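Participant: Have a look at this one before I ask anything.
The values are calculated or read from the model by the stated rules, or taken from the named source; none is laboratory data. Keep in mind that what you see is a predicted model, and the values were worked out from it rather than measured. All Cβ positions, even for glycine, are placed from backbone atoms using ideal geometry, and neighbour counts span all protein chains on display. Remember, those area values only see protein heavy atoms, side chains included, never the ligands or the DNA or RNA. Shrake-Rupley method; radii C 1.70, N 1.55, O 1.52, S 1.80 Å.
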Amino acid sequence: IKAGVLREAILLDRETDIALKIFTTTGVGGVTLTDGAYDQDTITSSPITDINSGTAAILRNTGRKANFMFMGHRTFKILSEHQDFLDRIKWSSLGVMTENLMGQVLNIEKVAVNNVIQRTTNEGISATNGFLFDTKVLVGFNDNNPSLRSMNLALQFTGIYGDKAPQVRRYYQDEIDCDVVNLTWMYDIRVIQSLSGYLINSANS
């Protein structure tokens, strides 16, 4: 097995860890909407108002301005076609919603879209895949240079084998007569200040 395959598996495992620890109503506060609230046929919804409510709550509770928004691929596509956003960009030169343009509309520094998919059925039966971050939108604040006084929503802590990426070690093992690829990565994802985040759950059906 190649080192790149192992590295990708570890990185995907970290994505799942982030989803379980941060993208939950127990990890951060927020609001849970009716399923499919932002779908095109739900004309009464107002995602910009919901997101602005989240950024206002973060500012009110922490004194920090939300500087990122994170969501899954399908949610971004639904929001990019929502009339709430289309009305704001219809006179722009592109007229097509992008991550940067959405950030400008919301006055949020960075909008990130995650494309990770996961299998939701057990091995051995027909595969059913879904997006890992499918029905949620997270707005929050994270300091680019964290310190003890930072109001970060979450941080990644690394141990003695920790770094920004898995450490790769290759060697030949006589006993099994083959090359061995060893990847080591010691990290932990922790919610630091839950008030620095706001989760909009069930953004689509």
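Participant: Could you grab me the full set of residues in the stretch 129-147 that are more than 23 Å from Ala56 (Cβ to Cβ) and assigned to a strand (DSSP E or B)?
Facilitator: Hits for the stretch 129-147 are Asn129, Gly130, Phe131.
Participant: Of all residues in the stretch 69-114, count the ones that are basic (Lys, Arg) and within 16 Å of Val137 (Cβ to Cβ).
Facilitator: Total satisfying the criteria: 3.
Participant: Restricted to the stretch 155-184, and to residues that are outside any strand (DSSP E or B) and at pLDDT below 75, which residue is surrounded by the most Cβ atoms within 10 Å (Cβ to Cβ)? If you could, list the steps in order and put the result at the bottom.
Facilitator: Just the residues of the stretch 155-184 that are outside any strand (DSSP E or B), to begin with: 159-166, 174-177.
Restricting the remaining residues to those that are at pLDDT below 75 gives 159-166.
Numbers: Gly159: 11, Ile160: 6, Tyr161: 12, Gly162: 16, Asp163: 12, Lys164: 8, Ala165: 11, Pro166: 21.
Looking at residues that are outside any strand (DSSP E or B) and at pLDDT below 75, I get Pro166.
Participant: Small (Gly, Ala, Ser) and not in a helix (DSSP H, G or I), is that true of Ser126?
Facilitator: Taking the combined requirement at face value, the residue satisfies it.
Participant: Oh, and also: Does Asp17 meet the test of being open to solvent by less than 40 Å² (accessible area, probe 1.4 Å) and modelled with pLDDT under 80? Can you show your working first?
Facilitator: Numbers: open to solvent by less than 40 Å² (accessible area, probe 1.4 Å): yes; modelled with pLDDT under 80: no.
So Asp17 fails the test.
Participant: Next question. Looking only at the stretch 115-145, count how many residues are surrounded by 20 or more Cβ atoms within 10 Å (Cβ to Cβ) and either closer than 12 Å to Met69 by Cα or among the hydroxyl-bearing types (Ser, Thr, Tyr) (or both).
Facilitator: 8
Conditions (1) at pLDDT 85 or above; (2) open to solvent by 60 Å² or more (accessible area, probe 1.4 Å); (3) in contact with a His (Cβ under 8 Å, 6 or more places away or on another chain); (4) not small (Gly, Ala, Ser), marked per residue:
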site: Gly29; (1), (2), (3), (4): yes, no, no, no
site: Tyr38; (1), (2), (3), (4): no, no, yes, yes
site: Asp41; (1), (2), (3), (4): no, yes, no, yes
site: Arg60; (1), (2), (3), (4): yes, yes, no, yes
site: Met69; (1), (2), (3), (4): yes, no, no, yes
site: Leu79; (1), (2), (3), (4): yes, no, no, yes
site: Glu99; (1), (2), (3), (4): yes, yes, no, yes
